[in-house]
1. How about region B:14-75: which trypsin sites (Lys or Arg not before Pro) there lie in a loop by DSSP and see at most 16 other Cβ atoms within 10 Å?
2. Non-local amide H neighbours of B:LEU59 (under 5 Å, H modeled in plane, Pro and chain starts lacking H): which ones?
3. Grab every C-alpha pair in region B:29-115, bin the distances at 10 angstrom width from 0 up to the longest one, and report whole percents.
4. Does anything in region A:59-100 have its amide N under 14 Å from the 7 Å Cα→Cβ label point of A:SER46, and if so which residues?
5. Give the Kirkwood hydrodynamic radius (Å, one decimal) of region A:153-356, defined as one over the mean of 1/r across all pairs of different Cα atoms.
6. Work out how much length B:THR9 to B:LYS88 would gain on full extension: take 0.36 nm times their residue separation and subtract the Cα-Cα distance, in nm to one decimal.
7. Measure nothing but the geometry: give the 0 to 90° angle between the long axis through the Cα atoms of A:497-513 and the longest principal axis through the Cα atoms of chain A, rounded to 10°.
8. Using label points projected 7 Å from each Cα along Cα→Cβ, tell me how many nm separate B:SER144 and B:PHE173, to one decimal.
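Here, each number is a calculation from the coordinates, and none is a lab measurement. Model, not experiment: these values are computed from the prediction. Here Cβ is always computed from backbone atoms with ideal geometry, including for glycine, and neighbour counts include all displayed protein chains.
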Amino acid sequence: MTPEELIQIAEERRGQQAAVGKRINVCAAASCMSRHSDKIAEEMSSHAESLGDKAEGVEVRCVGCMGLCSAGPLVEVDHPADEAAGNDAPKTMYRGVSMDDADRIVEAAAGGTTVEQLVQPTDIPYFSRQKRIVTENSGYIDPESIEDYIAADGYSGLVTALTEMSPNDVLHEVTISGLRGRGGGGFPTGLKWSTVAKTDADKKYVVCNADEGDPGAFMDRAVLESDPHRIIEGMTIAGYAVGASKAYIYVRAEYPLAIARLKKAIRQAQKYELLGTNLCDTPFNFEIELRLGAGAFVCGEETALIASIEGRRGVPRPRPPFPASYGLYGKPTLINNVETLATIPWIVRNGGDALASIGTAKSKGTKVFALAGKIVNNGLIEVPMGISLREIVYDIGDGIPDGGTFKAVQTGGPSGGCVPGNLLDMPVDYESLQEAGTIMGSGGMIIMDEASNMVDVARFFMEFCKDESCGKCTPCRVGTAQMLDLLEKLCAKSATEKDLELLKELCDVVKACSLCGLGQTAPNPVLSTLRYFEDEYMGSLVGGVSGDGRPVPDVETKAGAPDRIER
Amino acid sequence: MARQKLPPTQTLTMKIDDVDVTAKPGQTIKDVARDHDIIIPGLCYLDGLSIWGGCRLCLVEVEGMNKLLASCSTEVAEGMVVHTDSPKLRAYRKVVIEMLFAERNHVCSVCVSNGGCELQDMAVELGVDHVHLPYMDPDVNLDSSNDRFRLDHNRCIMCTRCVRVCGEIEGAFTKGIGGRGIDVRIINDLNMPWGESQTCTSCGKCVHVCPTGALVEKGTAAAEMDKRRAFLPYLTIMREAQR
């Protein structure tokens, strides 16, 4: 593939697209697909066909996630031909589309009208306040078409890097962009890359960590399903920058659609010689393989992930040595999260300065969040770093449904914590969240209203950690089980003050002594709820009353609790 | 003129518990400490086996690091300042020992390893005079199907010495790890009774490296099980010499 060929493919595809008069885009990501959006798309296609001349110029296609998952299945009608000609061509988004609506949407699109009762307004803050970099193509391109991706400037970053930049130039751009790891830790990406680049080894690896497992988080899934080529491009650029020729995508087996699309994307990229040997007529070779996780949360930890790829039991090992010097098969290995790698093509195309101009002093760029729980607009959002939690919850998320009041937002999953209402004006960046006792994490945000019992929230996450502990180190294996017992005692209102003291002590021991991040952060949900909602803990003791006399919300039945939190 | 290459570092100096010590690059903190008669507690580490890093008893404080590091797996560096016995570390170690006692059913008085048990010795050494964590009293079984040996999960602390010795020294790979979290167990082959294992050579190495009464020889009564752990370093040294 030469730069000229790439431009040719892009122009050809853009030409084809510009010939389409009316295009019906149906979301075909997991959330909408669970409500049969794929069947709806099929029905639309066959209905358009049966209409014959009346539906001339109507094209139905599947696209990636449009974000507003709670309103799915989502369908958007646009007019590429008019857009190309510079005419006024308003897009129409439809929400909650069912099979019964399929035919009339096609007819309305063909006739140039709209189905008023299904229209989803797009001039709301949910859409206007977002800043889309990682998800720039999500919902706009067909994830199964490499030509669509190329037409949206895809792979131009890779081709530019290979033909016009040295590995050091790429490292420089990533470093000045200020990008930090989006998987949770927030380690500077440029620093990680240059560490791997500077090691001497006959072989190096790049690994994409797509083992997203936090309850309520689905950012990586959406990116993989909506724009799989973006990951391939990001990984290949990373491989070029650090001197690796082989890469693995470690994706959890619970994401079958993402796996299918990645497989297809890898084949397409190989066909176009964007993966393989002598890319762009340079000596650079790169290949990508998929590895599927078998359902262990701990395999998101980098050393456990490496063990799992190597075919061993997925348990972490002590660090140092870090994977950057001793990783997969003992070789220097660069491990980045999906979202981090998905930002790379944009950085190479637009320059590191462009990303550095977005966000706060220490947290640059944008972050994708999955809004879940008690919030009107459930779904995926991408916002600039430094935006306040209030803007996310009340403007973009449109507040709490059914007239409820906001109580707390949980970020960072089982490693994170809860932020109470009085801190809502806090900016969302790595440092501020850490100061508030939680973490940025991978991007799950669970919003809770006043009906949530915070002890129960802590219990839910502790149960998760106990179930997912690998059992290798003593503090995590025994400590999480002991803490869960104590939290269950609290939830049953049969705990004493001594139990609460023991809980606090165990939090300290497990945090300080555990082997890997899972154990070291497992007490965080308890610690943060203790910090902001201690009265609820006091109120959960035998004969206890909460500090201000407020009744502590009832704990829902065990079967109902995870569902309430996860949704 | 070509730039002169600097010679590689041969030795380095560091500080362990306020004592200035010398070390070779590549040595672990635990090794260097032992060379200078500073014994760091530990249960999963055993000379001659690979490093596991799971028991967390050998955690030490390294100045400039915000986390505690396992001394069995951390290599020394020039100028490192290590504390192996601070009040904080002692307190953590005590709780970890208590966790092991509370996790399964350790009844010393009827245990064949009573008096020859590393967990018991460690508890005495660290001053664990009682367990303030609630005992979990799990329903744990026992595998007596092997002709010569017995695997009693009640006494197991998951140090995985048996798993490592079986694979790394004997080469049989009979012992493995099954389950996860609090339900993690030592298993034989694909979780079958020990006596039915086709791979076990009945060499008994696993029994003699086991720190507690989890792996024992049959026909022993309470406090009768003596373990010969010294064979392993000897075996490793002789094998290295042969190579």
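1. Details: sites: B:LYS15, B:LYS30, B:ARG34, B:ARG56, B:LYS67; in loops: B:ARG56, B:LYS67.
For trypsin sites (Lys or Arg not before Pro) across region B:14-75 that sit outside H, G, I, E and B with at most 16 neighbouring Cβ atoms in 10 Å, the list reads B:LYS67.
2. B:SER71
3. Spelled out per bin, shortest first, that is 16, 43, 30, 10, 2.
4. Of the residues in region A:59-100, A:99-100 have backbone N under 14 Å from the label point off A:SER46.
5. Values: mean 1/r = 0.0601 Å⁻¹.
Final number for the Kirkwood radius of region A:153-356 is 16.6 Å.
6. On the way: separation 79, 0.36 × 79 = 28.44 nm, distance 3.38 nm.
That works out to 25.1 nm of additional length.
7. Once rounded, the angle reads 50 degrees.
8. About 3.2 nm, to one decimal.
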